[in-house]
1. Mind listing P(r) for the stretch B:49-204? All alpha-carbon pairs, 10 Å bins, whole percents.
2. Step through the residues of the stretch B:26-32 one at a time and calculate ³J(HN,Hα) from phi using the Karplus curve (6.51 cos²θ - 1.76 cosθ + 1.60, θ = phi - 60°), rounding each to whole Hz and writing x for Gly and Pro.
3. Among DSSP beta bridges lying fully in the protein assembly as shown, give the percent that are antiparallel, nearest 5.
4. Mean shadow of the stretch A:89-156, computed from the convex hull of its alpha carbons, in nm²?
5. Which value in nm describes the separation of the simple spin-label points at B:Ala245 and B:Leu260, placed 7 Å from the Cα toward the beta carbon?
6. Taking the simple approach of a point 7 Å from Cα along Cα-to-Cβ for both A:Val110 and A:Lys255, what is their distance in nm?
7. Could you please report the charge total around B:Glu210, scoring K, R as +1 and D, E as -1 over all other residues with beta-carbon less than 11 angstrom from its beta-carbon?
8. Principal axes first, then extents: for the Cα atoms of the stretch A:138-186, list largest minus smallest coordinate on each axis, whole Å, largest first.
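Coordinate-derived values only; no laboratory data. Here the structure is a predicted model, which means the values were calculated and not measured. Here Cβ is always computed from backbone atoms with ideal geometry, including for glycine, and neighbour counts include all displayed protein chains.
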Amino acid sequence: MIPALALENISCTFISRDDRSQRYTAVKDTTLVAEEGEFVCVVGPTGCGKSTLLNVAAGLLLPSRGSVRVFGEPLAGINNRAGYLFQAEALMPWRSALDNIIVGLEFRGVERAEAAERGNDWLKRVGLTGFGGRYPHQLSGGMRKRVSLAQTFILNPQILLMDEPFSALDVQTRQLMENELLDLWSAERKSVVFITHDLEEAIALSDRVVVLSAGPETHPIGEYKIDLERPRDVSEIRLTPHFIELHAQIWHTMKEEVLKGYVQQQR
Amino acid sequence: MSSNNAKGKLRLYQLIVLAVFFLLWYALTSPTLLPAIYFDDANQAAFFFGEPQKVLARIWDWFSSGSIYEHLGVTLLETMLAFAIGTVLGLLIGLWLALSPVASAIFDPYITAANSMPRVILAPIFSIWFGLGIWSKVALGVTLVFFIVFFNVYQGVREVSPVVLANVRMLGASQRQLLRHVYLPSATSWVFASLHNSVGLAFVGAVVGEYLGSARGVGYLILQAEGVFDINTVFAGILVLTGFALALDAVVSVIEKRLLVWRPSAGETERSV
């Protein structure tokens, strides 16, 4: 089967604009594959180049070496079969929630009335009925994330790239959002690459967890199949013995890298 | 209710300041009320500083006879034209330079030079180029408004959040759609933020232009009165201009409030009154 997304031997080296001799290799020789309908979580210590990988997959960043294949075809320019959920606020502050949700449809030339109808449908699906006219600053952080979710899902992308999308939310909201994400995902079975530094979140959500080493020259150091049954409730599954077993196993690999990453940040 | 009360009190005090100002003006300039303190002749104070009752009478005269409206209309037209043309030019050139690093690098020293030049000095040249009609005043106003808008647009484009930009690109925006849906709204929000400034400067351009040579407009009225040492009319003109500027500013505030609803304002909460 052709994987939905394949990053092959990706290396990314950044060169300082002021001093050409200053180089930083964020990612080195990394291969990462997401099958069709698979939920892959990528975990790694902070500052290890996880976002760099995702930007490469999105087509926002050109890798120094290696290639990206989307459903077997080499990627050129923006990956238009993928949706991207960012860690930071990404909504347009001058557009209302509804207008933010339907902006992608607008770019594709969908008629306003039809777009609004589909937008309202998505507002309902993410539990924001009646909030369509609000501007982003009038919504809470969790609500804004829901709008972002709807904004991406309305275009029905086959691949979802998620860069710690819920890390800024409080624990309760976060678990609600994770469950909502799983619901949406199980209804439409997209391929997901979900980046996080939170191992528990990774195990609770995914089919497969990929562990990255500490930067620089980040590369995968372990891969674990998560055979927990679905549908899952992220707050309950954390208490099952198998979850704890998997957690201990992966943490054993990760611990050393986390410490390395921590030491590097101290410098 | 207490906040309403406090506001009323504030208004009262503000009115008292105004009244005291006019009373002092009257007392110090009236030829008959006080003996001349500084001047040799009792009439000299009134000659130099005018008399408030005569100034107000002049204003009343202007408005009741309707003769001022034509001049106000001309000044308003010049202000609006200068604002509109200056804004459009500033927006276009600001967008262009902000989105094209090469052009921006080439023109940077010239923009800086043109901005630091005292542009009011161009007024006589504009009179030669465009004559004594409204266009020489519009041109002066445009040179003042342009730079305010230009720098704000430049800033607005540069300040677009890279995450918003990346997000919109991922959602499938073409280059043109990026311009239309991201850069333009961001830039215009900065332009609106400087609306008070740019409308004010358009007004300054119009009045200064009229003052330097014209056949109509409030600046022209002042110029004429000065020519015959009619200080009362000069002050009347200044008061009318001030009131007019305040009215313009109030209109701008209303427009601003309408256009920038999406902007968070500190401490905004929903209340069911």
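1. Percent of pairs per bin, in order: 10, 29, 27, 18, 10, 5, 1.
2. 4, 5, 7, 10, 5, x, 9
3. 50 percent
4. Numbers: hull surface 15.9 nm².
That works out to 4.0 nm².
5. 2.1 nm
6. My value for the distance between the label points is 4.9 nm.
7. Details: positive: B:Lys137, B:Arg216; negative: B:Glu78.
So the environment of B:Glu210 carries a net charge of +1.
8. In descending order, the Cα extents are 29, 23, 18 Å.
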